[in-house]
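The values are calculated or read from the model by the stated rules, or taken from the named source; none is laboratory data. In this text the structure is predicted, and so the values were computed from the model without any measurement. No Cβ is skipped: glycine too gets one built from the backbone with ideal geometry, and neighbour counts run over all protein chains shown.
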């Protein structure tokens, strides 16, 4: 485990309960853990991301799993790009998909 992947566990999880209250256009800072393959073992790297929310949809009866649709950017100078966040409520995890960097995502502490 790398230093970044170990510290990623200290961030609060991103949960469906949090996202359910967001309206379209809500913006939130998050952190993304991506595993980068090097000449040795894969290394975890944390990237800050900005998320602009569009909608939350449930994928199965009973609201077990959900997907958030929105846009993400990795740098304030960049444009937002379409992305989605997949939630597993059972595992209390979230994963960012649809960008050049996909990985586990968590809430960043509010400033």
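Results for (1) within 18 Å of residue 93 (Cα to Cα); (2) in contact with a helix residue (DSSP H, G or I) (Cβ under 6 Å, 6 or more places away or on another chain); (3) assigned to a strand (DSSP E or B); (4) at pLDDT 90 or above, shown as yes or no for each residue.
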site	(1), (2), (3), (4)
4	yes, no, no, no
7	yes, no, no, no
11	yes, no, no, yes
24	no, no, no, yes
30	yes, no, yes, yes
35	yes, no, yes, no
38	no, no, no, no
41	no, no, no, no
Count - residues of the range 86-104 that are in a loop (DSSP other than H, G, I, E, B) and either within 17 Å of residue 53 (Cβ to Cβ) or under 10 Å from the mean Cα position of the chain (by Cα) (or both):
3
Can you tell me which of (1) surrounded by fewer than 18 Cβ atoms within 10 Å (Cβ to Cβ); (2) over 14 Å from the mean Cα position of the chain (by Cα) is the one residue 44 doesn't meet?
(1)
Residue 89 fails exactly one of (1) surrounded by 14 or more Cβ atoms within 10 Å (Cβ to Cβ); (2) at pLDDT below 90; (3) touching a strand residue (DSSP E or B) at 6+ places or on another chain (Cβ under 6 Å), namely (3)
Across the range 57-85, what is the total count of residues that are farther than 19 Å from residue 23 by Cβ, assigned to a strand (DSSP E or B) and at pLDDT below 95?
1
